[in-house]
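**Student:** I'd like to ask you about the structure that follows.
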Amino acid sequence: MEMTQTPTEPNLARAQVSGSWKAKPARLATAVARWGANYIPLSFFKRNPKQIIIDVTNSCNLRCPVCPVTFAMTRPRGLMSFELFCLIIDDFIAETNKPEIFFNFSGEPTLNKQLPDMIAYANKNGHGTFVSTNATRLGAESAERIIHSGLSRIALCLDGFSKTAQEVYRVNSDFDAVKKNIETFLSVKRRLNARNPVTILQTLLTSYSEPQIDDLLKWAKECGFDKVRFKTFSLGSHTSREMRAAYSHFLPESRALRRHADARESILCSVPRSQTVVFWNVRTRPLSTRMCGA
Ligand SMILES: C[S@@+](CC[C@H](N)C(=O)[O-])C[C@H]1O[C@@H](n2cnc3c(N)ncnc32)[C@H](O)[C@@H]1O
Ligand code: SF4
């Protein structure tokens, strides 16, 4: 089992120097690079992105308080049709470098009942595929359909190892039910003797899950997860000061487990060239953090 690490103390120390005099030359370089970026020819952006995020729904059955789907979604809610999904995939039939398809952006993908058919269609056409789910709607039958679809990777989210830790953030979920659904998914995969999908336990690092890291690792090993990912908690980049204050109790006590600016961040953002989002009702845009509610 592989564990994706969270920020370490040395990383944190590096991030903290960015406010000091040492950061000044970097600021000048950034300004020069941003000015120069205006002269990059448009053809540079015309290649296919590495990943296409297909928003098969922007609806969700949970109300995680600091998720933009809960507090900032202004787009109409809906489900993408299978026919529309196939048309998007068909656009890449002639391509040799197939983008990876991510099935979640701003909602819970398992709410779209055609998710397994969509994954199978993308898989049949040579795309790698990834799903992240809150695991509230996974039973033995849906697990079997998803595994048979040929999905490459799945992140099964459990945000702590107690009722309080999970339910204080994943509002409307039931800890015992989600834990059982995840165990069922892994046992179905074992029964089918399937290599895919690669299974990732994903847990948000909050003050509630912070003391439970060892329990989560032990459980992940017992259940047969391939990987564990502890994701740093974000208070959101577009949240109001009031919201940030109201939800700051989620931040872990250990500063090393909190999200911080990466001092090694590249000067120009590469995301617009690497990822594109397709909304369920088919507006497309390069990815930006403002997109969820747009
Ligand atoms: C918007 S959800 C969509 C997919 C699915 N509903 C889920 O929860 O996995 C995508 C990701 O956002 C993460 N997320 C939600 N709130 C977060 C927060 N405050 N900080 C960091 N990640 C967060 C979830 O854990 C999940 O990995
Ligand atoms: S389950 Fe996923 S989409 Fe739904 S509110 Fe939580 S983080 Fe957002």
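The values are calculated or read from the model by the stated rules, or taken from the named source; none is laboratory data. Because the structure is predicted, anything quoted here is derived from the model rather than measured. Reconstructed Cβ throughout: ideal geometry from the backbone, glycine too, with neighbour counts over all protein chains shown.
**Student:** Using beta carbons and a limit of 7 Å, which pairs, at least six apart or on different chains, have the first residue in segment 213-225 and loosely packed, with under 13 Cβ neighbours inside 10 Å and the second one at pLDDT below 95?
**Tutor:** From segment 213-225, the pairs are 221/1.
**Student:** Scan (1) surrounded by 15 or more Cβ atoms within 10 Å (Cβ to Cβ); (2) assigned to a loop (DSSP other than H, G, I, E, B); (3) aliphatic (A, V, I, L, M); (4) more than 22 Å from the chain's Cα centre (by Cα) for the single condition residue 135 breaks and write down its number.
**Tutor:** Answer for residue 135: the failing condition is (4).
**Student:** For residues in segment 81-103 being in contact with an Asp or Glu (Cβ under 9 Å, 6 or more places away or on another chain) and buried (at least 22 other Cβ atoms within 10 Å of the Cβ), which is farthest from residue 178 (Cα to Cα)?
**Tutor:** Checked segment 81-103; the qualifying residue farthest from residue 178 (Cα to Cα) is 85.
**Student:** With the requirement that a residue be near ligand 1 (Cβ under 10 Å from one of its atoms) and assigned to a loop (DSSP other than H, G, I, E, B), what does segment 63-77 give you?
**Tutor:** So in segment 63-77, the residues near ligand 1 (Cβ under 10 Å from one of its atoms) come out as 64-70.
Within segment 63-77, 64, 65, 66, 67 meet the criteria.
**Student:** Right, another one. Among the residues of segment 124-141, how many are under 27 Å from residue 275 (Cα atoms) and touching a Leu at 6+ places or on another chain (Cβ under 9 Å)?
**Tutor:** 7
**Student:** Could you list, in sequence order, all residues of segment 78-106 that are outside any helix (DSSP H, G or I) and under 25 Å from residue 135 (Cα atoms)? Full working, then the answer.
**Tutor:** Kept after step one, since they are outside any helix (DSSP H, G or I), are these residues of segment 78-106: 78-81, 91-106.
Within segment 78-106, 78, 79, 80, 81, 100, 101, 102, 103, 104, 105, 106 meet the criteria.
**Student:** Name the residue, out of 140, 135, that is within 16 Å of ligand 2 (Cβ to nearest atom) and in contact with a helix residue (DSSP H, G or I) (Cβ under 9 Å, 6 or more places away or on another chain).
**Tutor:** Just one listed residue meets the conditions, 135.
**Student:** Another question about this same structure. Looking at (1) closer than 13 Å to residue 250 by Cα; (2) modelled with pLDDT of 95 or more; (3) within 14 Å of ligand 1 (Cβ to nearest atom), which is the only condition residue 235 fails?
**Tutor:** For residue 235, the failing item is (2).
For (1) within 16 Å of ligand 1 (Cβ to nearest atom); (2) touching a Cys at 6+ places or on another chain (Cβ under 7 Å), each residue gets a yes or a no:
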site: 186; (1), (2): no, yes
site: 194; (1), (2): no, no
site: 211; (1), (2): no, no
site: 222; (1), (2): no, no
site: 229; (1), (2): yes, no
site: 239; (1), (2): yes, no
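**Student:** Residue under question is residue 182, and the condition is that it be more than 13 Å from ligand 1 (Cβ to nearest atom) and of a type in the set (A, V, I, L, M, F, W, C); does it hold?
**Tutor:** Taking the combined requirement at face value, the residue does not satisfy it.
**Student:** How many residues are of a type outside the set (A, V, I, L, M, F, W, C), more than 11 Å from ligand 1 (Cβ to nearest atom) and out of contact with any strand residue (DSSP E or B) (no Cβ under 9 Å at 6 or more places or on another chain) if we restrict to segment 143-174?
**Tutor:** The total comes to 10.
**Student:** In segment 114-140, what count of residues is obtained for those that are more than 22 Å from residue 227 (Cα to Cα) and among the charged types (D, E, K, R)?
**Tutor:** 2
**Student:** Could you tell me which numbered condition residue 110 fails, if it satisfies all but one of (1) in contact (Cβ under 8 Å) with a residue 40 or more places away in the chain; (2) hydroxyl-bearing (Ser, Thr, Tyr); (3) within 14 Å of ligand 1 (Cβ to nearest atom)?
**Tutor:** Just one mismatch for residue 110, condition (1).
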